[in-house]
Amino acid sequence: MRVAALASVALPLTAAMAQTTETPPMPAAPPSNVELKAEEASVATILPPQPQWAYIRGGFGMGGVRIFDGATGKMRGEVDTSNRADMAIDPAGKYYYVADTIWTKADRGTRQDFIAVYDSTTLKLQTEIPIPGRIIIGGEKQNFIVNDDGKTAYAYNYNPASSVNMIDLEKRKFVQAIELPGCASLIPNPGIGFSALCSDGSMVTVDTMTGKPKITHTASFFSATGDPIFSNFTYDKTKKQVTFISYSGLVYQAMMGAAPAVGAPFSIQAAAGVRPGEAKPLDVNWLPGGRQLMALHRPSGHLYVLMHKGEYWSQNEAGEEIWDLDLATRKVVKRRPLKQPSSTIEVTQDATPLLFVSDKEGTTYVLDARTMEEKRKIEKTGPGLIITADVGTPATAPMAMPTPAKSNGMGN
């Protein structure tokens, strides 16, 4: 009876709750006189290459070259590349060139090697130029170069042996493959063709101005086994000059031409008032090292080198300091300790240059190249190769706004 009484009390309560529950209102119908417009696809555009922009590869296993504005730290865009690709910038700033390799079934099937041409303002693919092969390493400036006039590109190939593919960028076609046994690391040589470093310690020059390439060698000027030269050298297109550095810290400079002239080397350690480096084991000293270990500000002639304390053959070690070397006076004018060891460095080519220095975690530090003061830190840029464009004075124009593009009827 007590249970029945409770039930009789509960039933009216439940009914009362049901009666007081509010029903949510129905959404109002849109006015009949309002016209709903279809969404329009659009394509955003950016400025062509700017002097204070840095093009940073994602690093091993990560595709894409991200474009960062050093003045603001903002990301401006990304050039589509695989992690095996090499990228070069058109000297006129109109295009980005990417030497790449793909397979029809991801990592197998039919192999395709090509130069992809992207518009620099829309980052849209313009065309692909098939080539017979290329070396699959990625992230090396000297595997793929564009001559100063922007008309010809050279792509290093190791398929099936050492050679260089010559590409006509004006006609957008492959020209020829030039066999180059024992040589690699390509160097622009304006009005001639290109040059490269060889395992016998010489520099080879290939004259491509005639029908059949003419190949000549300099005398050996370094020891590839005793004190090798880093493949990450710098090229000054104004002076037609190349600067190399050896594992022990010897700095070489060569004037390019039909017969390149290599000057006597000098020690970067001696230029800093430090004991010169020696190519012998167990000798601890300040030594150059890193993946992309030096950068040249061409207008001032200052070379920025990543240096670390270690033994000889520690050339892969990240830099602990940046040494600012004045090439004209052969003096290290500034040394700057780094917060984090860094393997990659590059500098802009304008009147107020910025240094970009990346650590292994993929953080890039932007420094004033003259004072070495840190301006900003950009996280998650990627730890890969850095490229800057040599295009003169920074543009003052604002970023372009997206412009409507015609739809293809597929939502793209």
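The values are calculated or read from the model by the stated rules, or taken from the named source; none is laboratory data. Everything quoted here is computed from the prediction, not taken from an experiment. Using ideal geometry, Cβ is built from the backbone for each residue, glycine included, and neighbour counts are taken over all protein chains shown. In case anyone asks, the SASA skips ligands and DNA or RNA and just uses the protein heavy atoms, side chains included. Shrake-Rupley method; radii C 1.70, N 1.55, O 1.52, S 1.80 Å.
PRO299 is checked against (1) open to solvent by 30 Å² or more (accessible area, probe 1.4 Å); (2) within 15 Å of TYR235 (Cα to Cα); (3) in contact with a strand residue (DSSP E or B) (Cβ under 9 Å, 6 or more places away or on another chain) and fails just one. What number does that condition carry?
Single failed check for PRO299: (3).
Could you give me the residue pairs with C-beta distances under 8 Å whose first residue belongs to the stretch 337-351 and is open to solvent by 30 Å² or more (accessible area, probe 1.4 Å), whose second residue is β-branched (Val, Ile, Thr) wherever it lies, and which are 6+ apart or on separate chains?
LEU338/ILE322; LEU338/VAL357; GLN340/THR363; ALA351/THR393
Just for strands (runs of 3 or more DSSP E) wholly inside the stretch 53-138: which have at least 2 residues that are more than 22 Å from ILE345 (Cβ to Cβ) and open to solvent by 10 Å² or more (accessible area, probe 1.4 Å)?
Details: elements: 53-57, 65-69, 75-79, 86-89, 95-105, 108-119, 125-131.
So the answer is 95-105, 108-119, 125-131.
Being of a type in the set (Lys, Arg), assigned to a strand (DSSP E or B) and closer than 18 Å to THR364 by Cβ is true for just one of LYS339, LYS334. Which residue is that? If you could, list the steps in order and put the result at the bottom.
On the way: LYS334 fails: closer than 18 Å to THR364 by Cβ.
It is LYS339.
So which residues in the stretch 312-336 are more than 15 Å from LEU287 (Cα to Cα) and either free of Cβ contacts under 8 Å to residues at least 60 places away in the same chain or open to solvent by 40 Å² or more (accessible area, probe 1.4 Å) (or both), if there are any at all? Outline the logic, then answer.
At the first step, the residues of the stretch 312-336 found to be more than 15 Å from LEU287 (Cα to Cα) are 326-331, 333-334.
Residues satisfying the conditions are ASP326, ALA328, THR329, ARG330, LYS331, VAL333, LYS334.
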